[in-house]
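Data block below; observations after.
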Amino acid sequence: MTYTRTAALAAIGLAAALSLTACGGDDSGSGSGSAKDTSANGTPAAPAADGGAQSQGGAGSGGAQAGDGTTGSGGNGGAQAASNGSAKTTGKGQSGGKVTFCKTANLAISARYAAAGKTEGRINVTMVNRGAATCSATGFAGVDIKDADHTSNPVERGSAQPRITTLKPGEAAVFDLAYTIDPSGKSLASPTNILVTPPNETHTANLKWPSGAGAIKGAYTDVQVYPTHTAE
């Protein structure tokens with residue numbers, strides 16, 4: 001009996017010890033697991049989650065503010081820049097940076113004979129700007145000479161460089177038709193009209209051939225037209 005009781009007590013003590021050891025082993029295992037998580041993530045799990053949320057919130061908030069600030073400022077600045085650019089462009093145009101070519105309808109055009117000698121004939125064609133704005137008459141006018149037989153003959157350009165010819169309202173530009181006079185009285189040319197198309201225009205003015213003009217020697221292709229210039 002004594003042996004049996006002693007063995008029973010020993011068994012109970014051993015069971016209790018084993019129970020305590022098992023509890024201690026669970027706590028140790030839990031602690032070891034936490035240590036492994038910390039090593040892998042660099043920070044404890046719970047603080048990392050809180051820190052990540054704060055960082056994301058901070059970056060998101062800061063990004064939204066920066067975006068709003070940039071968009072608002074950039075958008076308004078861009079609109080103002082575009083508006084200013086348009087205003088400047090318009091201003092340059094209004095200040096005379098670009099001048100349109102004179103319209104035939106706004107020009108008073110006339111022709112007169114200006115004798116250059118006994119052998120050289122010259123006809124001056126004058127164009128007066130009767131419009132309300134400054135315009136350009138720079139270049140060569142298109143000229144055709146109409147003959148008594150109702151044919152129209154184009155005039156060739158002379159060898160001269162155009163000069164800038166800008167006309168304010170009331171100002172005049174002049175260009176010349178030059179040819180050789182035929183004193184024989186046997187000229188085959190019988191001009192009746194001069195058809196003038198101002199530089200960079202498509203509308204034509206019909207002028208009478210000046211009275212007293214010397215006869216043209218050769219063909220109409222021997223007549224030459226020279227660039228416009230301002231009247232002096």
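Residues that are within 20 Å of A114 (Cβ to Cβ), of a type in the set (S, T, Y) and part of a loop (DSSP other than H, G, I, E, B) within the stretch 187-232 comprise S187, S211, Y226, T228, listed in sequence order. Only a single criterion out of (1) small (G, A, S); (2) modelled with pLDDT of 95 or more; (3) loosely packed, with under 15 Cβ neighbours inside 10 Å is not satisfied by S159, namely (2). Scanning the stretch 113-126 for residues that are of a type in the set (D, E, K, R) and either in contact with a helix residue (DSSP H, G or I) (Cβ under 8 Å, 6 or more places away or on another chain) or surrounded by 15 or more Cβ atoms within 10 Å (Cβ to Cβ) (or both) yields a single hit, R122.
What are the residues in the stretch 178-190 that are without any contact (Cβ under 8 Å) to a residue 60 or more places away in the chain and surrounded by 16 or more Cβ atoms within 10 Å (Cβ to Cβ), if any? Before the answer, list the steps.
Step one: filter the stretch 178-190 for residues without any contact (Cβ under 8 Å) to a residue 60 or more places away in the chain, giving 179, 182, 184-190.
Those that are without any contact (Cβ under 8 Å) to a residue 60 or more places away in the chain and surrounded by 16 or more Cβ atoms within 10 Å (Cβ to Cβ): Y179, D182, A189.
Taken over the stretch 103-142, the criterion of being touching a residue at least 60 places away in the same chain (Cβ under 8 Å), in a loop (DSSP other than H, G, I, E, B) and under 37 Å from the mean Cα position of the chain (by Cα) is satisfied by K103, A137, T138, G139, F140, A141.
The values are calculated or read from the model by the stated rules, or taken from the named source; none is laboratory data. This structure is a prediction, so every number in the text was calculated from the model and none was measured. Methodologically, a virtual Cβ is constructed for each residue, glycine included, from the backbone with ideal geometry; neighbour enumeration extends over all protein chains shown.
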